[in-house]
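The values are calculated or read from the model by the stated rules, or taken from the named source; none is laboratory data. Keep in mind that what you see is a predicted model, and the values were worked out from it rather than measured. Quick reminder, even Gly has a Cβ in these numbers, built from the backbone with ideal geometry, and neighbours come from all protein chains shown. These accessible areas exclude ligands, DNA and RNA; they are computed on the full protein's heavy atoms, side chains included. Shrake-Rupley method; radii C 1.70, N 1.55, O 1.52, S 1.80 Å.
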Amino acid sequence: MSRKLRSQHWFGGMDKDAFIHRSWMKNNGLPDDAFDGRPVIGICNTFSELTPCNAHFRGLVEHIKAGVLEAGGLPLEFPVFSCGESNLRPTAMLFRNLASMDVEEAIRGNPMDGVVLMAGCDKTTPSLVMGAASCDLPSIVISGGPMLNGRLKGRTIGSGTDVWKFSEDVRAGVMSQKDFQAAESAMSRSPGHCMTMGTASTMASMVEALGLALPGNAAYPAVDAHRARLARLTGRRIVEMVAEDLRLSQILTRDAFANAIRINGAIGGSTNAVVHLLAIAGRIGTELTLDDWDNFGRDVPTILNLMPSGAYLMEDFCYAGGLPVVMKEIADLLHLDALTVTGQSVGANIEGVENYNDDVILPRDKALTASGGIAVLRGNLAPGGAIIKPSAATPALMQHRGRAVVFETIDHYKARIDDPALEIGETSIMVLKNCGPKGYPGMAEVGNMALPQKLLKQGVRDMVRISDARMSGTAFGTVVLHTAPEAAVGGTLALVKDGDWIELDVAGRRLHLDVDEAELARRRAAWTAPVPAMAGGYQGLYVERVMQADTGADLDFLVGSRGHAVPRESH
Ligand code: FES
């Protein structure tokens, strides 16, 4: 390699500092020639037993290391904060930015020339890519892979999606507690992340779509030997990327984001991808706006028949050929010359791929919806924008005028929703406040509020719901999310009262609170900001500095790339 590698600023030379850096590393059993100028590859591992979706990473990492060694590199694994969706409270999203800081500083402060990012559960993917983007070293992502399909009493069940359904069935009295408990064991049958097209599968698809992972990354199940092979090839490839000095900023172009947004529409991907891609673009310095989501994704058909929009699961997607097939099906909508971590273009990566099941990956003339993607709504209720996923919504509700039933907080919702005296009907619009980035804090996945029991018992299964929250990628319904500005900073959402008329018009991209300006001004004057749940600490910093959803909910001081210059010596 002609240029001096970054790691040689630690390990090269014969002075006291190099002695210190090498000597202590040798206690790992490394011989002299480990420091002879070969590329040092950091492997950023989000293993944690508290992040069950990533709990198999101790095995997976060994395949990456083998690949790095085979290609002549030195693999050095390091742990970072692991944002596990199923356990972290008040919400894993609160810690995405914290984890990204951990990743950024761990990369910049240590002797590495390239990085493998091991991601799986929802927030682990964006947190790693955001942190790495702020350093801009050669970096490649390997996802941990989805779980095998869930199976209950002979039928297929999907992570999350069926939890929401079963929970409502129990509340409606059509599913027994015994069956509900049986589903708990039947749903999570193997290592891996959620196997619906929830946020983890979406983000694994997004990194493949952006060109940050090898083709096939999204769909191979965690326990499939293909996943281990992919890890090994990923280890080999990052060593080559260091030699080529192929960095994130060369891959994360505006064309790459346009591709990813279109592919998100084609796969019926999670609404969470919106805030994550906006935040990643902000880190690397590529122009991307909320409206780009609508503009790029508006006419993309949803052709992947996976829950929550469709019927199948990630294992079926794998057997059908995986994401490269989806990309091939919509190739005319993609920038095929966009560069990827393979060193080849998107077009070259998808050459010759075949669809092995056109009931899973549908032909375009049989798409689930002709216009998939994410619709960005605006109006006096969301001057900064709000989003809805049309493929997960009820067509008849996409144009709707109804009276608001307002929940001031998630606790107010929980206390009130099953009150028999609650005045609510199937045409009502449920409005939830104070669940945005600052309000919750962390913008929790509570936007898909369960319907009132009395309406469930009448057979109602969807209603319009509006909030400043996010929703799980596994969820569904006519759910308006990410309303900006959020209620906790005095957005119009904070001013909605029970009985107000609200108009939703998805085709017209409109979200309107039908209350006159004078009345809104009176309500605004009387509004007081909620008191944050915790002062000080990381949560205090987060609430003070987090940006709104329409720009990615990053911390304002983390936006941008700060590079990977070698810091001054430590002793
Ligand atoms: Fe980890 Fe769904 S809880 S991916």
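Taking a probe of 1.4 Å, how large is the accessible area per residue of the chain, in Å²?
I get 37 Å² per residue for the chain.
What nm value, rounded to one decimal, do you get for the distance between ASP332 and ASP359 when each label is placed 7 Å out toward the C-beta?
It works out to 2.8 nm between the two label points.
Can you say what percent of the DSSP beta bridges in the chain, counting only those with both residues inside, are antiparallel? Round to 5. Show your work: numbers first, answer last.
On the way: 21 of 50 bridges.
Of all bridge pairs located within the chain, approximately 40 percent are antiparallel.
Can you tell me the FRET efficiency between GLN344 and MET14 if r is taken as the Cβ-Cβ distance and R0 is 35 Å, rounded to the nearest 0.05?
0.30
Go ahead and collect, in residue order, the members of the range 167-184 whose backbone nitrogen is under 12 Å from a label point 7 Å along the Cα-Cβ direction of LEU152.
Counting only backbone N, you get 167-171, 174-184.
For the range 288-354, run through the GluC sites (Glu not before Pro) and keep only the ones in DSSP coil with at most 16 other Cβ atoms within 10 Å of their Cβ.
Details: sites: GLU315, GLU329, GLU351, GLU354; in loops: GLU351, GLU354.
Passing sites in the range 288-354 are GLU351, GLU354.
Multiply the residue separation of ARG229 and LYS178 by 0.36 nm, subtract the distance between their alpha-carbon atoms, and state the gained length in nm to one decimal.
On the way: separation 51, 0.36 × 51 = 18.36 nm, distance 4.01 nm.
Result: 14.3 nm gained on full extension.
Return the tail of the calculated pair distribution for the range 416-518, meaning the percent of Cα-Cα pairs more than 20 Å apart.
40 percent
For the chain, which whole-number percentage of the solvent-accessible area (1.4 Å probe, protein heavy atoms only) is attributable to carbon and sulfur atoms?
Working: 10940 of 21120 Å².
Ligands and nucleic acids excluded, carbon and sulfur give 52 percent.
Explain nothing, just the number: relative contact order of the range 407-523, from Cα pairs under 8 Å at least 6 residues apart, as a whole percent.
Result for the range 407-523 is 21 percent.
For a quick check of your reading of the filter: which GluC sites (Glu not before Pro) in the range 1-99 sit in a DSSP loop and have no more than 15 other Cβ atoms within 10 Å?
Listed in order of number, the matching sites are GLU49.
Could you name the aspartates and glutamates in cross-link range of LYS153, using Cα to Cα under 17 Å and dropping any fewer than eight places away on the same chain?
Correct list for LYS153: ASP162, ASP169, ASP179, GLU184.
Cα centroids of the range 263-290 and the range 138-178: how far apart, whole angstrom?
Comparing the Cα centres of the range 263-290 and the range 138-178, I get a distance of 25 Å.
Restricting the count to DSSP beta bridges whose residues both fall in the range 98-212, what percent are antiparallel, rounded to a multiple of 5?
Details: 3 of 9 bridges.
Expressed as a percentage, antiparallel bridges in the range 98-212 total about 35.
Find, among the trypsin sites (Lys or Arg not before Pro) in the range 136-191, those assigned to loop by DSSP (not H, G, I, E, B) with at most 12 other beta-carbon atoms within 10 angstrom.
Here the sparse-neighbourhood loop sites are LYS153.
Once each part is reduced to its C-alpha centroid, what is the distance from the range 492-541 to the range 307-337 in angstrom?
A separation of 38 Å, based on Cα centres.
What value, in deg cm²/dmol to 500, does the helix sum -39500 (n - 2.57) over DSSP H runs of n ≥ 4 give at 222 nm once divided by the residues of the chain?
-10000 deg cm²/dmol
To the nearest µm²/s, what D does Stokes-Einstein give for the range 335-478 at 10 °C and 1.306 mPa s, using the Kirkwood radius over alpha carbon pairs as Rh?
88 µm²/s
Principal axis extents for the range 62-154, Cα atoms only, whole Å, descending order, please.
50, 32, 17
Ratio of alpha-carbon Rg to the 2.2 N^0.38 Å globular estimate for the range 1-105, to two decimals, please.
In units of the 2.2 N^0.38 Å rule of thumb, it is 1.30.
Inverting the mean 1/r over all pairs of different Cα atoms, compute the Kirkwood radius of the chain and quote it in Å. Don't skip to the end; give the middle numbers.
Values: mean 1/r = 0.0413 Å⁻¹.
Roughly 24.2 Å, rounded to one decimal.
Taking chymotrypsin sites (Phe, Trp or Tyr not before Pro) that fall in a DSSP loop and have at most 14 other Cβ atoms within 10 Å as cut points, what is the longest piece of the chain between them?
Between exposed loop sites, the widest span is 1-355.
7 Å from Cα along Cα→Cβ at both LEU30 and TYR319: what's the point-to-point distance in nm?
4.5 nm
Expressed in nm to one decimal, what extension gain is obtained for the pair GLN250 and LEU50 from 0.36 nm per residue of sequence separation less their Cα-Cα distance?
Full extension from GLN250 to LEU50 adds 68.5 nm.
Determine the percent antiparallel among the DSSP beta bridges restricted to the range 298-441, to the nearest 5.
55 percent
How much accessible surface does LEU304 have with a 1.4 Å probe, in Å² rounded to 10?
LEU304 has an accessible surface of roughly 0 Å² with all protein chains in place.
Dimensions of the range 23-84 along principal axes (Cα, Å, largest first)?
For the range 23-84, the Cα extents along the three principal axes come out at 38, 24, 15 Å.
Find how much the distance from TRP501 to GLU105 grows on full extension, using 0.36 nm per residue of separation minus their present alpha carbon separation; answer in nm with one decimal.
137.7 nm
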